[in-house]
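Everything on this sheet refers to the single structure shown next.
The values are calculated or read from the model by the stated rules, or taken from the named source; none is laboratory data. The shown structure was predicted, so the numbers you read here are calculated from the model rather than taken from an experiment. Counting neighbours? That spans all protein chains shown, and the Cβs are built from the backbone with ideal geometry, glycine included. What goes into the accessible areas is simple: the full protein's heavy atoms, side chains included, and nothing from ligands, DNA or RNA. Shrake-Rupley method; radii C 1.70, N 1.55, O 1.52, S 1.80 Å.
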Amino acid sequence: MDQIRTTCLINNYNYAEFVSDAINSALNQTVKFDEIIITDDASTDNSAEVIANFAQLDNVKCIFKEKNQGQLSSFNEGFLAATGEIIFFLDADDIYEPQYLENALNFYTRHTECDFIFCAYKKFGAVEGIFQTDAVDLDLGYSVIRTLYNGEWIGSMTSTLSIRREIIRKILPIPYIEDWRVRADDCLIWGASLVGAKKFYMSKPLVRYRIHLNNQYYNNKFLDIDKNYEYKRLWKRNSLFNYILQKNNLSSPFFLALTSLKELKTIPFPKHEDFISYLKIIFLFEHSFFWKLKGMIFLFSYLLKTLITGKSKKNVLINNVSYSLADKIKKHTILIGIQNITLLFYKTHAK
């Protein structure tokens with residue numbers, strides 16, 4: 001079987017001291033990228049000169065923008081030039097481990113339904129350490145409802161992301177480039193959920209995330225400059241959601257409670273946080289009293305079933321290791337809480 005065609009998109013702005021490391025890490029993979037596209041966002045240092053040294057390589061394409069417009073603009077430009085079936089994203093100050101692409105392609109091959117992967121990563125530079133969402137690989141299912149109603153952000157930083165082309169073309173290009181000069185990975189993460197990407201987490205830390213003085217996200221530099229950033233980000237998110245929904249002719253489901261339950265069941269081994277998330281959605285946003293009550297009862301029943309059958313990510317994926325007493329107490333507390341909320345709601349609204 002032929003290898004899936006891959007593209008690595010490297011976005012750079014004034015990272016001349018780091019960008020060579022990023023490019024070389026993409027070039028020196030144990031399985032080669034079919035194409036590497038480097039977008040320079042009108043850097044004012046000598047980045048263009050450094051990047052130009054790689055332009056003669058057959059699988060490297062360089063895009064030099066005339067005007068600085070931010071990270072989302074670079075994503076737009078890079079994607080429009082890309083031909084890969086799976087697109088990988090890399091910030092110019094980060095580094096791929098040599099086996100990253102090979103591991104990711106093996107993962108996509110094993111899980112043919114996978115649309116979106118984010119992986120664990122290693123911090124290096126000013127801070128050292130490994131960041132893992134979980135110790136095992138996870139099938140996170142679909143998250144359209146969770147993102148649309150709860151604004152949940154299911155992913156990780158830019159350099160850990162890879163997404164199938166058929167998903168990204170439903171998102172990019174996005175015209176709101178001024179809104180997302182930084183943290184444009186939000187557009188990829190929220191957008192992929194909204195258009196129905198099936199997301200997976202890969203537990204191997206195969207990306208190195210450089211911590212340095214110029215990390216705008218890590219050091220919260222834009223938060224220091226603009227104290228109202230998070231409030232403004234909320235409105236930017238609303239505009240982004242509206243754009244993606246309209247672009248793909250999507251709308252809210254008619255039977256919200258039923259759709260929420262079906263979405264929950266796409267997660268093979270749901271955690272207690274998943275149940276709480278969907279309980280919140282059904283309780284707050286389902287307009288029909290009948291479906292609100294029925295949905296909460298069904299949710300309670302499904303949670304009870306997963307507890308009885310032991311259908312949980314830890315019990316199944318980590319060599320059948322049983323729960324600790326603390327885990328059992330936590331889950332039974334949640335179970336009782338959902339039951340009490342359901343009964344209280346029924347007593348309040350029943351005639």
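Compared with the alpha-carbon gap, the fully stretched path from ILE211 to SER301 is longer by 27.9 nm at 0.36 nm per residue. For region 196-212, 3J(HN,Hα) computed residue by residue from phi via the Karplus equation (6.51, -1.76, 1.60; θ = phi - 60°) reads x, 6, 8, 9, 10, 10, 10, 7, 6, x, 9, 10, 10, 9, 7, 9, 8 Hz, glycine and proline entered as x. Nearest 0.05, what FRET efficiency do THR109 and PHE290 give at R0 = 45 Å with Cβ-Cβ as r? About 0.50, to the nearest 0.05. Under the convention that each Lys and Arg Cβ holds +1 and each Asp and Glu Cβ holds -1, the size of the dipole of region 25-92 around its Cα centre is about 40 debye. Distances between placed amide hydrogens fall under 5 Å for LYS123 paired with GLY129, ILE130, PHE131, TYR209, all partners being 5 or more residues away or on another chain.
Of the GluC sites (Glu not before Pro) found in region 94-148, those in coil by DSSP whose Cβ has at most 14 other Cβ atoms within 10 Å are GLU113, GLU128.
A 1.4 Å probe, protein heavy atoms only, puts the accessible area of VAL144 near 40 Å². In plain terms, the chain from ALA135 to TRP235 could stretch by 32.6 nm, reckoned as 0.36 nm per residue minus the Cα-Cα distance. Taking a ≥ b ≥ c as the square roots of the eigenvalues of the Cα gyration tensor, region 96-164 is oblate, since a/c reaches 1.5 or more and a/b is not larger than b/c. Here region 233-305 is assigned +1 on the Cβ of each Lys and Arg and -1 on the Cβ of each Asp and Glu. Its dipole about the Cα centre then comes out at about 160 debye. Loop-resident chymotrypsin sites (Phe, Trp or Tyr not before Pro) (DSSP state other than H, G, I, E or B) in region 228-301 with no more than 10 further Cβ atoms inside 10 Å of their Cβ: PHE254.
Net charge dipole, region 111-164: roughly 200 debye, given to the nearest 20, about the Cα centre with Cβ charges of +1 for Lys and Arg and -1 for Asp and Glu.
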